Amino acid sequence: MGPTGGSSHAKPEEAGAVALDFRQREFVQFQSGCAVLHAPVGTGKTLVLAERAAEAIRKGAEPSRILCVTFTNRAAEELRQRIALKCGSGAKQVVVRTFHSLCAWMLRSEAKQIDLPVDFVIFDDDDSKETIRACANRLGIHLQCAGYEDEVSDACNAIMDSKLNAADAAPAGAPGAAPSVDTAPEAVFSGLPPAWRRLARVYQKELSSHHALDFADLVHFARAILRARDETRERWATRFSMIQVDEMQDTHMSEYQVLRVLAKGSGNLVLAGDYDQTIYEWRGSQPEKILSRFEQDFPGVRSFSFVTNYRTTRTLVDAARSVAALYSRSELPRPCDAAEKGQPIVVHFADDSVDEARWIAAQVSRVKQVDKNQGGSLRLGRIGVLTRTNTRGSAISAEFATAGIPHLTVEQFEFFRRQEVKDAIAYLRFLSNPFDGRSLRRMLLRPARNIGERTIDRVQAAEDIGLRLADMANPSTLQFGDPFAQLLRELDSGSIVVFDTETTGLNPAADEIVEIAAVRLHHGQPVARLHHYIRNSVSVDQSELIHGLSDQFLATHGVPPSRALEQFLSFADGALLVGHNVGFDIRMVRANSRRLGLHSETRDYADTLEIARRFVDTDDRSLEGLVRLFDIPFEPTHRAMDDANATAALLMKLAPLVRKDALGRMQAVRDAGRSFMPLAAEVSATRALAEQVRPWELLIRVLDKSGLGAYYHEEPLRMSNLHELVGAFREKDDEALDPISSLENTLQFVALARNVDRIDPNDERVRILTVHQSKGLEFDTVFVAGLSQHEFPGFPAVKEGREEEELRVFYVALTRARRQLFLTGHSRNNGKHREPSPYFGIIGDGWVEPESTAIRRRYANRRRL
């Protein structure tokens with residue numbers, strides 16, 4: 001009997017919290033301390049992680065101090081929904097993120113304290129490879145990209161690995177300095193060949209010029225900010241009272257190093273996963289090393305293991321256990337029980353790949369018909385065909401098309417990587433981040449704008465003197481002849497207001513300014529100052545740890561927000577606004593003013609961080625670092641008045657550097673400027689809308705005004721994808737955020753999304769996926785195809801001695817099935833004979849249907865691979 005008096009195999013997710021079995025209930029009640037949860041597929045891992053978080057909230061834990069880290073956006077959303085079912089509205093405050101999303105959030109939170117623009121964009125793998133290729137061409141480094149000789153990917157992977165593996169490299173700059181996001185310590189790339197070392201440094205500076213980070217940067221710099229500053233490390237170490245990490249077997253040691261700091265204060269960290277599913281060793285996942293380090297860092301780690309599979313059959317559980325037993329060195333128990341025996345595994349070995357694909361197509365039709373005749377309702381969307389390679393998936397797709405079987409292919413999951421989708425996203429990224437030159441280059445391709453490579457080359461030739469391609473889409477650059485002309489003019493004969501703010505948080509739509517300070521410069525000399533503490537209605541919460549202003553202090557010393565902002569707007573009237581990393585401050589002032597009914601016009605501004613990036617050769621361009629470099633007497637303290645004074649003094653130090661090559665920049669703008677005028681006007685008008693309309697509405701305007709809609713009008717499939725993109729943006733729009741912040745969040749989701757995140761669970765088409773893509777998914781019926789010599793396991797892996805990881809991939813494939821499993825292969829490929837995969841030999845006779853045992857027995861002597 002189970003814990004509720006019924007069957008011990010009742011599905012916990014159907015019975016609610018009271019249906020937890022003994023092991024699950026023991027884990028949920030473990031509310032404080034460090035633990036490893038070994039929860040193989042189907043044992044209720046997601047359920048208990050949600051239940052444990054809900055139990056913490058029921059016992060009085062602050063939801064916003066609970067962190068759950070997952071592997072995919074899909075898993076994050078599932079966990080978020082499960083917690084909401086248990087705790088209602090309070091669950092919305094629980095922080096549920098993928099690891100890269102967590103790092104991006106941390107960096108945006110700390111952006112004002114380091115030399116990182118708040119509006120940074122995230123380059124996905126395609127963006128990174130394109131940028132590396134462009135940098136290599138500029139350096140005269142030829143990277144082969146044909147067939148198996150994909151040196152662009154190799155270089156990209158090597159650079160990423162260098163940043164992720166730089167665990168013990170000292171942070172850039174002086175002790176205690178903020179890490180640099182322009183360069184990385186020399187030691188980071190020291191292990192690369194000389195040519196790739198040069199390429200890595202140029203690539204890193206190229207990212208910086210676009211205000212961009214790649215996936216490895218997110219982890220590298222999150223780790224760096226925790227390592228470089230005691231106050232930052234202590235603030236994040238006390239941020240969470242409970243941390244739960246799912247799919248820990250697929251994480252990198254560098255990611256664990258971030259988690260270790262986050263858990264230091266609470267000592268409440270759970271690492272959950274199925275440690276037999278480690279299939280990302282090629283990306284650096286090493287669960288055994290992480291678990292060993294975990295036990296050293298947090299003595300007394302508890303261990304929990306689940307052994308009852310609630311999702312699948314005994315036949316499939318036993319088969320998966322037999323595979324895992326061949327490679328796993330873990331002492332942790334594996335599932336040994338399930339509700340029903342289930343159907344035997346079907347094994348089929350065809351003559352060639354076409355026959356194999358036809359047999360699979362016939363079985364799909366037969367399985368669906370049998371299920372229908374038995375009164376079932378098997379949906380095609382609950383059938384998965386899993387392959388080791390994209391090539392095998394394409395061959396099967398072709399036969400499915402001939403047989404009229406509705407299906408989705410691997411390529412169809414590449415939604416955010418499609419040309420027309422990336423074209424539209426490039427416009428939105430550039431509207432969000434006006435320094436993203438990579439997106440601007442894409443905007444120049446479609447529709448054509450009569451701006452060719454020769455014109456672009458003339459602009460880029462002036463990069464060494466401070467001009468960027470993105471400047472050419474700014475009407476101010478074209479009007480004054482230089483992106484810094486207005487700043488220099490105001491310094492000489494006009495007015496500038498240097499200002500800084502402190503806030504309750506990062507969301508302009510909801511958070512409030514609690515301190516504002518400004519220095520007015522006339523002809524370059526300070527003539528007036530303004531400073532206010534501002535009474536708040538939104539609690540300062542965690543932001544107090546940065547600026548030191550408590551709710552009580554502000555209630556006593558703060559002035560009404562309307563009076564403070566009205567006086568600031570009057571003080572800044574007619575002046576050019578300047579600040580250090582000032583984009584966020586500008587948005588906060590506009591958003592807070594609008595809520596108070598005050599008029600705050602969209603204005604040009606100058607950023608001393610951007611100026612320093614272009615004209616100062618240093619590893620630390622934080623305000624603190626630049627103050628030290630120029631020996632400025634004002635000390636920034638994360639208080640608005642101190643930082644405004646320091647920024648005003650810094651501006652005067654930077655001005656001579658900006659003036660030095662102004663004539664050269666003006667010449668380059670004159671040579672190319674006329675071609676950019678229509679585009680600059682279009683971007684300016686659309687950017688003004690970005691603060692007023694929701695992201696999906698902005699996308700509709702972009703498709704119209706940019707000409708992209710007209711460009712793709714004659715291609716129905718591409719137009720359909722663009723309409724789907726509008727729907728995706730509408731679905732992801734968070735109306736609790738202001739339009740710009742919601743746009744940034746959606747663009748971040750797009751950059752970090754895995755292909756499977758876009759799969760609609762209600763889509764009634766068979767899924768054809770690689771095994772890696774299927775991670776985290778499940779199907780009623782699974783076909784594992786291509787189980788032939790040199791394909792699965794793959795020849796390169798066998799040649800390089802990585803058979804064990806291939807076996808883990810096979811384990812993942814088997815465990816995607818809930819009810820029925822088919823294993824198929826073929827004996828001839830391009831006229832060459834192929835033996836069956838040795839994996840047929842590790843599935844015991846008792847689990848395979850009788851007519852399939854001949855193939856299995858033929859390879860039974862290969863049980864030890």
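The values are calculated or read from the model by the stated rules, or taken from the named source; none is laboratory data. For clarity, every value in this text was computed on a predicted model and none was experimentally measured. Backbone-built Cβ (ideal geometry, glycine too); neighbour counts: all protein chains shown. Only protein heavy atoms, including side chains, enter the accessible area calculation; ligands, DNA and RNA are left aside. Shrake-Rupley method; radii C 1.70, N 1.55, O 1.52, S 1.80 Å.
Quick rundown of the values:
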item	result
Qualifying lysines (Cα of each under 26 Å from Cα of Lys289; at least 8 residues distant if same chain)	Lys45, Lys163, Lys264, Lys775, Lys799
Exposed trypsin sites (Lys or Arg not before Pro) absent: longest stretch of the chain, with sites in DSSP loops and at most 10 other Cβ within 10 Å deemed exposed	330-863
Residues of the chain: accessible area per residue with a 1.4 Å probe, Å²	40 Å²
0 to 90° range, to nearest 10: angle between helix 640-660 axis and the chain longest Cα axis	80 degrees
Accessible-area value, Glu691, 1.4 Å probe, nucleic acids and ligands omitted, Å²	40 Å²
On Cα atoms only, tilt of 390-403 relative to the major axis of the chain in degrees	70 degrees
Largest-first ordering by accessible area, 1.4 Å probe, given options Tyr275, Tyr711	Tyr711, Tyr275
Accessible area in the full protein assembly, largest first, 1.4 Å probe, for Met253, Met588	Met253, Met588
Nearest 10 degrees, 0 to 90: helix 125-139 Cα axis against the chain principal axis	60 degrees
Accessible area of Asp661 in the full protein assembly, 1.4 Å probe (Å², nearest 10)	50 Å²
Exposure rank, largest accessible area first [Phe349, Phe676, Phe22; 1.4 Å]	Phe22, Phe349, Phe676
GluC sites (Glu not before Pro) restricted to DSSP loop in segment 557-634 with at most 16 other C-beta within 10 Å	Glu601
Carbon + sulfur, % of accessible area of the chain - ligands and nucleic acids excluded, 1.4 Å	49 percent
Met652 - accessible surface, heavy atoms, 1.4 Å probe, Å² rounded to 10	70 Å²
Cα→Cβ-extended label distance, 7 Å offset, between Ser537 and Thr556, nm	2.4 nm
